Structure formats: C-alpha cells, structure tokens
Amino acid sequence: MGRSITASINPELLRWARESAGYDVAAAAKRIHQSEDRLCPWENGKEQPTIAMLREVARVYKRAFSVFFLDNRPPDFEPLPDFRHLPGDVSTDFSPKLRYLIRRSRMRQEWLKEMQEFRGAQPLAYVASAGVNESIPELASCVRDLLGVSIAPRASWRQNHNPLRTWIDAVEKAGTFVFQSSDVNQDKMRGFALIDHLAPVILINGKDPSQARSFTLFHEFSHILLGKAGVSNVRFVHRGISDAARIEVFSNALAAEVLVPAKTLREDISTKKMRFRHELEAKVNHLAKLFKVSRDVIIRRLRDLEFIYQTTYGQQLARLSKEEELWREREILRRQKNEKKGGPPRARMVIRDNGRSFTGAALEAYSDGMITVVELARLLKTKAKHIAKIEQEVFLPASGAGF
C-alpha cells in the first residue's frame, strides 16, 4: 500500500535538483527508470510521484529525501570555474559524478571551517598570497620551505617509498586538506582546488598513477596560493592570453619547478641537445627515478629548458601517452582482480579518499562528543563497523609507504 502513496512535493525543487545534478530530462528519466512523459508532469506540478519513486529520485540526484518538501530552494554552492582545456572538446559541462564530487567536497570543507573556527585556528597566510607574475623559481623555493621538503633526499628514498604519501603529508601538515577520488575519469578531471583561509581543499584523481598525482597535487596547491578555485585537467593546457590559460600555465610551471628544479636538472644533464632516441629515453628514465616523478613531467621540463626540440617533445609525449593507455588497461584488469579478492583494506581506502587530516579531524570531533557515530560514518562515507580500524590506521606513524 505504501508504494501508492503520493508525495506532496515542491515541483520547482524537483527540477532544480535534476539540473544541479547535471541531468537533462531524458538522462534523468533513464536513471530513475521512468519515462520522460512521467517525469515532466512531476516537474510542472501536474502530477506527483509516489513515496517510493521519490526515494529513487533522491538517490539518483544525491539529495536528501526531505529537500523536495521545502517551500524554497535551499542554499547551494556556486559552480566552480572550469580550467580544463581538452583538445577538440566543445562543452565544458561537468558530469553528474563530477558535480556531486565537488558538492560533497564543499560540504566537507564547510564542516571543516566550522571545526577550525571552533578550535580557534588561525587563517593560513599563504592562501591567495601569490600572483601569476611572480618568479617561478623563487616561489617554488618558498613552497618547498613552507612544506619542509627538499630535493636532495629523494635519490636515497627506498624503492618501496611512496613519494605521493610524503608530498600529501607535507601539504596537509601545512594546513591544506587533501582528498582523493576514483569516481571520475582522468579525461574529465585531474584535480580541483577549493579556496578558504581556514580550510583550503585539494582533490586529486585517484585513478591516475601516483607520480602523476604528485604533479596534480602541486598544480592544485598553486591554485591555493593564487586563491583561484577551479577544476583542472593538467595534462591538456593550451598557452594563451586568457586569465584561465595564464593561471594553468603558471600552475603547471610552478608544480614542475617544485618537483624538478631547473638548477638541479641542468646540473644533472651534460648534453645540450639529445637527438638520439635511445639516449633521450635512457636519460628520461634516469631523471624520472631520480626526481620521483612521471616521465612526461621530465619530458616537459626538458622541452621548457630547451634541452630537446619541440618536434622531439611531441614524439616522446605521444609515445608516453600510448604507454599510459596500456598502463590504464592493465590497471583496470588489476583492480578487477583485486576486487574479486576483496580489494585493498577498506580502512586504508577511506583514509586515502578523505585524507589523514580530515579523517583525524572527524575522529577527534567524534571522540569529543561533537558528532555521533552515524554522523562520523556519513562524513567519511563508510560504515560504522569500519570506524575502529580507521582510527587505528589513521594515527599510525607516517612511513612513506601507502597510497
């Protein structure tokens, strides 16, 4: 009988929820298993969905069930600027998955701001402190000093050492919260930054190789320094005169200089122009291992510093792109195999996705009685049964290994 009870909803909110989730009528109707002829009357108020149908709508649109009964549209977040520059792309609309990822990240950021204010945290001086006309080498040196990292120790890191973990720990220690997510494909988003002087947030795409994520981390940290929130795809950036192009070119250059300083790179290279492919590929492999970065970062640095020609750069980048596609195919198979075995420990994935700083802040709020275990599980997007293991994992000393 409950399935036939209709819900007296606000039709305007139904339409708003669909549009803010990034669905047109056809796509939404397909996702909620209804026809367009059924959905449209709900949105114009001529008909009403049943309770069961509305629950499915709420699930698909990622909204609370109760929101559809409000008299007025609830406060929502402003759309993020789109810094993605994909060759051949016309539309820059965010996918439903990306929209929800941004919205959930902003909700966590709002919670963090409240916690930071309650605990008397001071504004971070480095947020929105830089400009695109600043000296890249000088700013990169300041970033390394701020984070307490340097170049020299990297060559001696153990083979199983995970540089990404070290970089993230350093960024979080400086006060920026770092999230990861594998819900969106890399061609749609490599990362994004959310600006706030108490709780700046970076999200990086967990589907990328760890070395690529290191570059994205510092690209987005550049956005924090510039005070420019937005979604990036750091792999595809066109040089141009627009503000967005200048910001992306600057952020790429700063990330490259932080990870691979020009002075250190020049000291390691004795040949001015490397014309032979086997010589170049061997040098790229060596430098990638030395600096603990991806090979395409090294190729770009060699091009920018004029150690290789533009044509050589294009050829090498195309080769690396093909190898990356093969890596992704193998990675998909590996993940599918791991899923059959149960996959990585759930606690570690929760910590990876939420970051140690956010996870620790949520656990501390729970320990202080400020939130319930249900609210904690919702914040961390996990089940209550995993909380004890997450608490045990998150406070383990950083070893450099991990994810």
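None of the figures in this text is laboratory data; all of them are computed from the coordinates on show. Remember, predicted model here, so these are calculated numbers, not experimental data. FYI the Cβ positions are ideal-geometry reconstructions off the backbone, even for glycines, and counts take in every protein chain you see.
Listing for the model above:
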| read-out | value |
| --- | --- |
| Relative exposure of M189, M370, judged by other C-beta atoms within 10 Å (fewest first) | M370, M189 |
| For R73, R348, R330, order by how many other beta-carbon atoms lie within 10 Å, fewest first | R330, R73, R348 |
| Estimated FRET transfer efficiency (A388, E279; beta-carbon r; R0 45 Å; 0.05) | 0.25 |
| Ranking of S182, S8, S232 by count of other Cβ atoms within 10 Å, fewest first | S8, S182, S232 |
